[in-house]
Amino acid sequence: MARERGPQCKQCRREGVKLFLKGERCLTDKCGVERRSYPPGEHGRGRSRQSEYRLQLREKQKARRYYGVLERQFRSYYEKASRQPGVTGENLLRLLESRFDNVLVRLGFAASRRQARQLILHGHWTINGRRVDVPSYKVRPDDVIAIKAGSSASQAIRDATELTSAVPAWLQADHDGLTAKVLRHPERVEIDTPVQEQLIVGPP
């Protein structure tokens, strides 16, 4: 599976905001953004010229890194969102939110999207009784998510649930039974992604 292999803390520092790529570590004083709030690299502390293109690029990169998708995947999501009725930016975020790996994080069943992808790829989760090992799988309303019977990852998943303060209203989670249900598609106000999607899609 193709994925970015570079240092994750550098990605957060480049965007100047916590993307919570390392789970629990991002909540401590070991977080790269907390320790060094300037961008990485030789010229990280220098003054950078702000342009409209730079703002749009940084916002796109922030969204891509937050959800852990590559450039070609992100382009595919954008094209799909632009063909759907409604606001393209909101459609884009809704598609990204509906990824299986992101849903596990929102439910509290994984501390980070990287951990969620690993759990999915190793076959620890089922949807509607069938094993799903594709992190980009798009969940739909009424889908029932459950841990695979006899999974060896149940303790790691329970540890992740302790970091979760709340589950979005469009999802329903049973942290004791390690099961969940997708109630509906998320509304824009329910997506707390630190991204201004209108900068990505440009003016109407």
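Some values worked out for this structure:
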| item | result |
| --- | --- |
| Number of positions in segment 173-204 that are over 22 Å from K138 (Cβ atoms) and part of a loop (DSSP other than H, G, I, E, B) | 8 |
| Subset tally (residues that are over 20 Å from E97 (Cβ atoms), in contact with a helix residue (DSSP H, G or I) (Cβ under 7 Å, 6 or more places away or on another chain) and in a loop (DSSP other than H, G, I, E, B)) for segment 139-163 | 1 |
| Verdict on L183 being buried (at least 20 other Cβ atoms within 10 Å of the Cβ), closer than 30 Å to G86 by Cα and among the aliphatic types (A, V, I, L, M) | no |
| Unique residue being aliphatic (A, V, I, L, M), closer than 24 Å to F74 by Cβ and surrounded by 14 or more Cβ atoms within 10 Å (Cβ to Cβ) when the list is L199, L178 | L199 |
| Selection within segment 97-134 - touching a Phe, Trp or Tyr at 6+ places or on another chain (Cβ under 9 Å) and without any contact (Cβ under 8 Å) to a residue 12 or more places away in the chain | V105 |
| Positions within segment 123-142 being polar (S, T, N, Q) and over 14 Å from V105 (Cα atoms), in sequence order | T126, N128 |
| When residues of segment 46-74 are limited to those that are within 30 Å of P135 (Cα to Cα) and polar (S, T, N, Q), the one modelled with the highest pLDDT | Q73 |
| Tally of residues being touching a helix residue (DSSP H, G or I) at 6+ places or on another chain (Cβ under 8 Å), surrounded by fewer than 21 Cβ atoms within 10 Å (Cβ to Cβ) and closer than 19 Å to Y66 by Cα across segment 116-138 | 4 |
| Test set (1) touching a residue at least 24 places away in the same chain (Cβ under 8 Å); (2) more than 20 Å from Q73 (Cβ to Cβ) - A169 fails condition number | (1) |
| Any hit, segment 138-159, residues being under 30 Å from L57 (Cβ atoms), under 15 Å from the mean Cα position of the chain (by Cα) and not aromatic (F, W, Y) | yes |
| Every pair of residues 6+ apart whose Cβ atoms lie under 7 Å, when the first sits in segment 40-61 and is closer than 11 Å to E197 by Cα while the second is at pLDDT below 60 | none |
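The values are calculated or read from the model by the stated rules, or taken from the named source; none is laboratory data. Just so it is clear, the structure is predicted and the values come from calculations on it, not from any experiment. As a convention, Cβ positions derive from the backbone with ideal geometry for all residues, glycine included, and neighbour counts pool all protein chains shown.
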